[in-house]
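Pasting a structure below so you can have a look.
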């Protein structure tokens, strides 16, 4: 891969690119290399990205809620990633402390530097472009938490949901948080329901891609629950390999083959005895996990997200009787 990169760069003078295009390539590569090197030293810890408004004042209840959430994230063993700016981003870095947080800062003419809680730390990374910054947010995150914000927050939130809906990033929890009594996320969810779902522009099951809550503990419970049995997945052609922390029971496989056949291009959900050959170069932890394999019908990633919740519930002895979308605002209720 390195040889391919070097070879492509060596051919650039022959390909007629102008100075502006070369500057974009050079700056993008610099953004990616700098950030990848910093994150590489912290691969073993799961991370939660926090998005929200730069305009949220430090004295607001929303700032306090975010600061408390970030503090609790660290207590649960996570690191926190923010955009390194003021407002909600500063609250996230303050709550997590610089030891346990990252700042992925965007160079803007009206914001001189990162917030005081992350500025100068080796994990404070400067980006020239929004697209390289957003890629790192999603690439490095094991969960995404959205607090109320403006165009930037909406952009980051919808991009994450789009990547999840299209399978361009692996499944992860997305939680929308606000102070109790606020209508910010309920009105946003109403818009999704009335203008997207009811018009057939997105699937009803795409509601499974996010949760809405005003509780720090509920948000953390949602994130911890997601990884309670499910660990990760791997695509091998049209086959999906779900990697689990617990052995799938006969009852679980029977339930999946009954309730989720619409996800199968052919065959059944089956337990895989050995790691797939393409997984052999991955970590020892990956090698030791249990596996379920199936041939996947793509474009149904909201249903796949629901299936992961079902696996987690079944592994904890809880199964839902209905087959509709999971409710938002709280964790799935045991049947």
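Taken together, the values in this text are just the output of simple stated rules run on the coordinates, not laboratory data. All of these numbers come straight from a predicted model, not from anything done at the bench. Glycine gets a Cβ as well: all are built from the backbone with ideal geometry, and neighbour counts include every protein chain shown.
Can you give the FRET efficiency to the nearest 0.05 for residue 21 and residue 1, using r as the Cβ-Cβ distance and R₀ = 30 Å?
The pair residue 21/residue 1 has a calculated efficiency of 0.85.
Hey, what did the chain get for relative contact order, percent, Cα under 8 Å, at least 6 apart?
Normalised by residue count, the contact order of the chain is 14 percent.
Rounded, prolate or oblate, given the Cα gyration tensor of the range 52-139, with a/c below 1.5 counting as rounded?
Values: a/c = 1.74, a/b = 1.26, b/c = 1.38.
Note, shape of the range 52-139 comes out oblate.
Anyone know which of 141, 283, 27 comes out most mobile in the 10 Å Cα GNM of the chain?
283
As an exercise, use a Förster radius of 56 Å and the Cβ-Cβ distance of residue 41 and residue 183 to find the FRET efficiency, rounded to the nearest 0.05.
On the way: r = 42 Å, r/R0 = 0.74.
With R0 = 56 Å, the Cβ-Cβ based efficiency is 0.85.
Nearest 5 is fine: what % of DSSP beta bridges in the range 29-226 come out antiparallel, could you say?
DSSP beta bridges in the range 29-226 are roughly 5 percent antiparallel.
When a/c is below 1.5 the answer is rounded, else prolate if a/b is larger than b/c, else oblate, so apply that to the chain with a ≥ b ≥ c taken from the square roots of the Cα gyration tensor eigenvalues. Each step should come with its number before you reach the end.
Numbers: a/c = 1.67, a/b = 1.20, b/c = 1.39.
Since a/c reaches 1.5 but b/c is at least a/b, the shape of the chain is classed as oblate.
Please compute one quarter of the surface area of the Cα convex hull for the range 230-315 and express it in square nanometres.
Result: a mean projected hull area of 5.2 nm².
How do 174, 236 line up, fewest other C-beta atoms within 10 Å first? Numbers along the way, then the final one.
Values: 174 22, 236 12.
By the 10 Å Cβ count, ascending, the order reads 236, 174.
If I model a spin label as a point 7 Å beyond the Cα along the Cα-Cβ vector, how far apart are those points for residue 29 and residue 215 in nm?
Computed distance between label sites residue 29 and residue 215 equals 5.1 nm.
Taking other Cβ within 10 Å of each residue's Cβ, how do 176, 9, 73, 169 sort, fewest first?
Ascending number of Cβ neighbours within 10 Å: 9, 169, 176, 73.
Where q = 0.15, 0.20, 0.28 Å⁻¹, what log10 of I(q)/I(0) comes from the Debye formula for the range 94-155, counting one point per Cα?
The computed values of log10 I(q)/I(0) come out as -0.51, -0.95, -1.47.
Rg/Rh for the range 29-226: what does it come to with C-alpha atoms and Rh from Kirkwood?
0.95
Using the basic label-point model (7 angstrom from Cα toward the beta carbon), what is the residue 268 to residue 11 distance in nanometres?
In this crude spin-label approximation the distance works out to 4.8 nm.
Here's another thing I want to ask about it. Neighbouring Cβ atoms within 10 Å as the yardstick, rank 89, 154 fewest first.
Working: 89 30, 154 14.
Ascending number of Cβ neighbours within 10 Å: 154, 89.
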